[in-house]
Structures are given as C-alpha cells and as structure tokens.
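J.: Would you mind keeping the following structure in view while I ask a few things?
The values are calculated or read from the model by the stated rules, or taken from the named source; none is laboratory data. Values in this document were obtained by computation on a predicted structure and should not be read as measured data. Because the Cβ atoms are built from the backbone with ideal geometry, glycine has one as well, and the counts that use them run over all protein chains shown. Surface areas here come from the heavy atoms of the whole protein model, side chains and all, with no ligands, DNA or RNA. Shrake-Rupley method; radii C 1.70, N 1.55, O 1.52, S 1.80 Å.
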Amino acid sequence: MTTVLLLRHGRTMTNATGVLAGHQPVALDEVGRAQAVAVGERLAAAKLPLAAVVSSPLPRCRETLALALPDVTDVVEDEGIIECRYGDWTGRPLKELAKEPLWATVQAHPSAAVFPGADGESMAAMSARAIAAIRERDARIAESHGPEAVWLACSHGDIIKAIVADALGMHLDLFQRIAVEPASVTVVRYTPLRSFVLRLNDTGGDLSGFQPPEKSEGEPSSDAEVGGGSGGSV
C-alpha cells in the first residue's frame, strides 16, 4: 500500500500579494524559505525512508526541496505535476481576475474552465495529467521498492487539490472545497482497490506515523486491505 506525501511549495511573493504566478519562475519569499526549512525539520524528525523525491520543474518547488531535503541529490522532475497553464491569466492579480466571467466557472464548475491564450490549459486537462503522473509513478515505485514504499512529490495547490479530489472519489467540480496551504503536507495511500487520504493540508503534525512497518526476516509484505490506516473502516 504505497504512500505519497504531497508537499506544496513554500510561500512566494505572488502568493503573498495575490498574483497568479502560473509558470512564472518566481522564488520563495522569506516566509516561504522558513516554511521549507520547517517542513524539512518535520521530515527529518519522522525519519521516513523516502523511496523517491519528485518535483514540479518550476523553481519554487525545486527551492522548497533544496531547503527541506538538502541531502537529497537525486530529485526527479516531472512535467506531469507542473502548475496549471493559466495562459493570459498568468501574472495578473486575483482581485482583477475575480471580475472576469471565467472566474465564476473556475470556482463553481472548474471541469468546464479553459484558460485563455495560446498556452492556456483546461482544468480538466490539468487534473487528468496530474492524476495520471502521480498514479503511474506510484505504480512504478511500488514495483521497484515494494508495496509499502513511501515517497514525496512537491507540487502546486491546484495540482494537489486535483489529486486529492481523485483520491476521495470527488468530481473535479468539487475540488475548490479542498484547501492546500503553502508548505503543507497531504498524504495519500494507494492500494489495489482504492485510495485513502490520510492527511490533508497539514502544516505542523507529526509525520512519523507514515514509516513503513518493520518486517521480520523472511516475512512477506502484506497487501491485505482492511482500512486505510489508523481509523480506517472495514
């Protein structure tokens, strides 16, 4: 039952000022750098044996990982979990965008939203590629590291919200109900039958509970599915 920790990048100046960054190469601000260091301390305290560390290619995610996991040198970039391509909306203030007719669609019916401009992406396409990227990589990690592997992916708010909505069996039109703050950790466990959201938008909790169980020598890994972990129902 492979487990992925979905880490949102730390705060940027565009987050702080209410600007839609999109694919702009923005860096973390002072608060974001401190957030990245703090989440790194949480991960270090948890002593999780990360089978892989994957990142959106954008600088704010790479910077977050460089501060949080400075000893990890083999971070893999994955275009599948890059930020949504907001097209002509990129770089504009949110308070200005809120006056656009498309804003209501993004908020209430995101599966129908397509961002304007030659490089604008639909939210449905963004969701589909992100979910496919996470699930396909999770399957490869399970195959190479075993079904109890734990790995981490650093990405963006809308990307993580789409992955969580899929894990919960929610339609994309409901994903705006999910909150994913900068530098928060969301934990999803995938099993052959279903997925479980074990932690959501966590900015300070103990992560040591996600250590894979120790096995006695010769003991096979268990793929039995009774619940999703602590509090799972039969």
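J.: Evaluate the following for A179: is it outside any loop (DSSP other than H, G, I, E, B) and either surrounded by fewer than 21 Cβ atoms within 10 Å (Cβ to Cβ) or at pLDDT below 95 (or both)?
T.: Details: outside any loop (DSSP other than H, G, I, E, B): no; either surrounded by fewer than 21 Cβ atoms within 10 Å (Cβ to Cβ) or at pLDDT below 95 (or both): yes.
Against the criterion (outside any loop (DSSP other than H, G, I, E, B) and either surrounded by fewer than 21 Cβ atoms within 10 Å (Cβ to Cβ) or at pLDDT below 95 (or both)), A179 does not qualify.
J.: Assigned to a helix (DSSP H, G or I) and of a type in the set (K, R) - does that describe any residue in segment 11-26? Let's see the steps before the verdict.
T.: Quick first cut of segment 11-26, residues assigned to a helix (DSSP H, G or I) only: 13-17.
Those still in the list that are of a type in the set (K, R) too: none.
For segment 11-26, residues assigned to a helix (DSSP H, G or I) and of a type in the set (K, R): absent.
J.: Please find, within segment 95-121, the residue that is farthest from Q24 (Cα to Cα) out of those that are in a helix (DSSP H, G or I) and of a type in the set (G, A, S).
T.: A108
J.: Here is a list of conditions, (1) out of contact with any helix residue (DSSP H, G or I) (no Cβ under 6 Å at 6 or more places or on another chain); (2) without any contact (Cβ under 8 Å) to a residue 40 or more places away in the chain; (3) surrounded by 22 or more Cβ atoms within 10 Å (Cβ to Cβ), and E143 meets all of them except one; can you say which number that is?
T.: Of (1) out of contact with any helix residue (DSSP H, G or I) (no Cβ under 6 Å at 6 or more places or on another chain); (2) without any contact (Cβ under 8 Å) to a residue 40 or more places away in the chain; (3) surrounded by 22 or more Cβ atoms within 10 Å (Cβ to Cβ), only one is false for E143: (3).
J.: State yes or no: is E41 open to solvent by 30 Å² or more (accessible area, probe 1.4 Å), acidic (D, E) and under 18 Å from D202 (Cβ atoms)? Even if it seems obvious, please write down each step before you answer.
T.: On the way: open to solvent by 30 Å² or more (accessible area, probe 1.4 Å): yes; acidic (D, E): yes; under 18 Å from D202 (Cβ atoms): yes.
Spelling it out, E41 is indeed open to solvent by 30 Å² or more (accessible area, probe 1.4 Å), acidic (D, E) and under 18 Å from D202 (Cβ atoms).
J.: Further question: Of a type in the set (A, V, I, L, M), part of a helix (DSSP H, G or I), modelled with pLDDT of 95 or more and surrounded by 19 or more Cβ atoms within 10 Å (Cβ to Cβ) - does that describe any residue in segment 28-38?
T.: Filtering segment 28-38 down to residues of a type in the set (A, V, I, L, M) leaves 28, 31, 34, 36-38.
Retained after the next criterion (residues that are part of a helix (DSSP H, G or I)): 31, 34, 36-38.
Subsequent filtering for residues that are modelled with pLDDT of 95 or more retains 31, 34, 36-38.
Within this subset, residues satisfying the condition of being surrounded by 19 or more Cβ atoms within 10 Å (Cβ to Cβ) are 36.
Yes, the conditions are met somewhere in segment 28-38.
J.: Go through segment 161-176 and give me each residue that's open to solvent by 50 Å² or more (accessible area, probe 1.4 Å) and within 12 Å of L200 (Cα to Cα).
T.: Across segment 161-176, the qualifying residue is only L168.
J.: Same structure again: Name the residues in segment 89-140 that are basic (K, R), touching a residue at least 12 places away in the same chain (Cβ under 8 Å) and more than 27 Å from V188 (Cβ to Cβ), would you? Step through it out loud before you land on a result.
T.: The initial filter retains those residues of segment 89-140 that are basic (K, R), namely 92, 95, 99, 129, 135, 137, 140.
After this cut, where a residue has to be touching a residue at least 12 places away in the same chain (Cβ under 8 Å) as well, the list is 92, 95, 129, 135, 137.
Residues satisfying the conditions are R92, K95.
J.: Checking the condition under 20 Å from V26 (Cα atoms), touching a strand residue (DSSP E or B) at 6+ places or on another chain (Cβ under 8 Å), open to solvent by 40 Å² or more (accessible area, probe 1.4 Å) and modelled with pLDDT of 95 or more, which residue from R135, R92, R85 passes? Break it down stepwise before answering.
T.: Numbers: R135 fails: under 20 Å from V26 (Cα atoms); R85 fails: touching a strand residue (DSSP E or B) at 6+ places or on another chain (Cβ under 8 Å).
Unique residue meeting the criteria: R92.
J.: It is to be established whether one or more residues within segment 199-206 are farther than 17 Å from I82 by Cα, open to solvent by 40 Å² or more (accessible area, probe 1.4 Å) and in a helix (DSSP H, G or I).
T.: no
J.: State whether the residues of segment 60-76 include one that is outside any loop (DSSP other than H, G, I, E, B), farther than 30 Å from G209 by Cβ and either open to solvent by less than 40 Å² (accessible area, probe 1.4 Å) or modelled with pLDDT of 95 or more (or both). Steps first, answer last, please.
T.: Of the residues in segment 60-76, the ones outside any loop (DSSP other than H, G, I, E, B) are 60-68, 76.
The next check asks that each one be farther than 30 Å from G209 by Cβ; those that pass are none.
Scanning segment 60-76 turns up no residue that is outside any loop (DSSP other than H, G, I, E, B), farther than 30 Å from G209 by Cβ and either open to solvent by less than 40 Å² (accessible area, probe 1.4 Å) or modelled with pLDDT of 95 or more (or both).
J.: Further question: Restricting attention to segment 77-94, report how many residues are over 22 Å from the mean Cα position of the chain (by Cα), charged (D, E, K, R) and not in a helix (DSSP H, G or I).
T.: Within segment 77-94, residues that are over 22 Å from the mean Cα position of the chain (by Cα), charged (D, E, K, R) and not in a helix (DSSP H, G or I) number 1.
J.: Right, another one. With A132, A124 as the choices, which residue is part of a helix (DSSP H, G or I) and in contact with a Gly (Cβ under 7 Å, 6 or more places away or on another chain)? Break it down into steps so the answer makes sense when it comes.
T.: Details: A124 fails: in contact with a Gly (Cβ under 7 Å, 6 or more places away or on another chain).
None of the other options fit; the residue is A132.
J.: To continue, here is another question. Scan segment 44-59 residue by residue and report those that are over 23 Å from P212 (Cα atoms) and among the aliphatic types (A, V, I, L, M).
T.: Restricting attention to segment 44-59, the residues satisfying the condition of being over 23 Å from P212 (Cα atoms) are 56-59.
Within segment 44-59, just L58 meets the criteria.
J.: Only one of A108, A124 is of a type in the set (G, A, S), open to solvent by 60 Å² or more (accessible area, probe 1.4 Å) and within 22 Å of R177 (Cβ to Cβ). Can you tell me which? Give the derivation first.
T.: Details: A124 fails: open to solvent by 60 Å² or more (accessible area, probe 1.4 Å).
Going through A108, A124 in turn, the sole match is A108.
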